[in-house]
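Accompanying notes for the structure given below.
We did not get these values from a lab; they are worked out from the coordinates using the rules stated. Note that this is a predicted model, so its numbers are computed, not measured. Every residue, glycine as well, gets a Cβ built from its backbone with ideal geometry; the counts of neighbours run over all protein chains shown.
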Amino acid sequence: MSFTPTVLVGPSGVGKGTVLASLCARFPNVWLSVSVTTRHPRPGEMNGQHYYFVSEEEFDNLVESDGLLEWARYQSARYGTPRAEIEQKVAEGRAVIMEVETQGALQIMARLDKVRTIFLMPPSLAELESRLRGRGTESDESIKLRLQIAKHEMSLMDEFDHIIVNSEVAVAVDELVNLIGLSTGEQLD
Ligand code: 5GP
């Protein structure tokens, strides 16, 4: 059985992490790519689990050695998807999911022959703002910038194969399960 790699896109604060954590807990065959980033860890974030936290120089080396499937700048940091791990997990038959912002998703679509892209939408911008504020991880300035980026990202939603509105996490997870084909063990292309 081979799964089409899935890219989950959506503005910061929409709940990608929560939805994916719930999915991974239900389906052990799902493998969530761990990205590299030059941003500093938030309290509670673990190196190798949430991200690989690297220096600017280490990131440069990864870019130069073609170690990243895609990478993008977001706010003042760079984020990228390690290429070798993805290839290995796809070959092992794992249901690979990459969580990225939109520029990275467009690069992956250009680079992989087969990929499924899903845009996770907030019910409204007001709700997105309240989720970002409720998370308590960002400064006011960072929240404003993230909301600006969110508007731009949402204007690109038609570029992606599917849209899921994250009003209720359990419902969004069920939609994701159906799109990936995890419930039946078969793919729905
Ligand atoms: P955060 O700083 O909130 O963890 O992530 C900021 C943004 O970067 C989010 O939209 C997240 O989806 C995105 N992101 C996380 N990892 C990657 C990656 O490997 N590549 C790209 N292009 N974006 C990523």
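For this structure, a couple of remarks:
- Karplus-based coupling profile of region 176-182, in residue order and whole Hz: 5, 4, 5, 5, 7, x, 6, with θ = phi - 60° in 6.51 cos²θ - 1.76 cosθ + 1.60 and x standing for Gly or Pro.
- Nonlocal Lys pairs with alpha-carbon distance under 27 Å, the chain (8 or more apart, or different chains): 5
- From its DSSP helices (H runs of at least four residues, each -39,500 (n - 2.57)), the chain gives a residue-normalised ellipticity at 222 nm of -12500 deg cm²/dmol.
- Of the GluC sites (Glu not before Pro) in region 9-64, those whose Cβ has at most 15 other Cβ within 10 Å and which sit in DSSP loop: E45
- Counting other Cβ atoms within 10 Å as a rough exposure proxy, the listed residues H40, H152 run H40, H152 from fewest neighbours to most.
- Longest DSSP-loop-exposure-free segment, trypsin sites (Lys or Arg not before Pro), the chain, at most 16 other Cβ within 10 Å: 115-189
- Cut-off under 5 Å, modelled amide H: who pairs with V165 long-range: M121
- The string of couplings for region 50-62 from the Karplus curve (6.51, -1.76, 1.60, θ = phi - 60°) is 7, 8, 9, 8, 10, 7, 4, 5, 4, 5, 3, 4, 5 Hz, one whole number per residue in order, with x for Gly and Pro.
- Amide H contacts under 5 Å for V96: T6, W31, restricted to partners 5 or more places along the chain or on a different chain, H placed in the peptide plane at 1.01 Å from N.
- Note on D60, D140: ascending count of other Cβ atoms within 10 Å places them as D140, D60, the fewest first.
- T117 long-range amide H proximity, modeled H, under 5 Å: V7, D161, H162
- A simple rule links phi to the HN-Hα coupling: the Karplus curve 6.51 cos²θ - 1.76 cosθ + 1.60 with θ = phi - 60°, which for region 63-75 gives 5, 5, 8, 6, x, 10, 5, 7, 7, 8, 8, 9, 6 Hz, with x for Gly and Pro.
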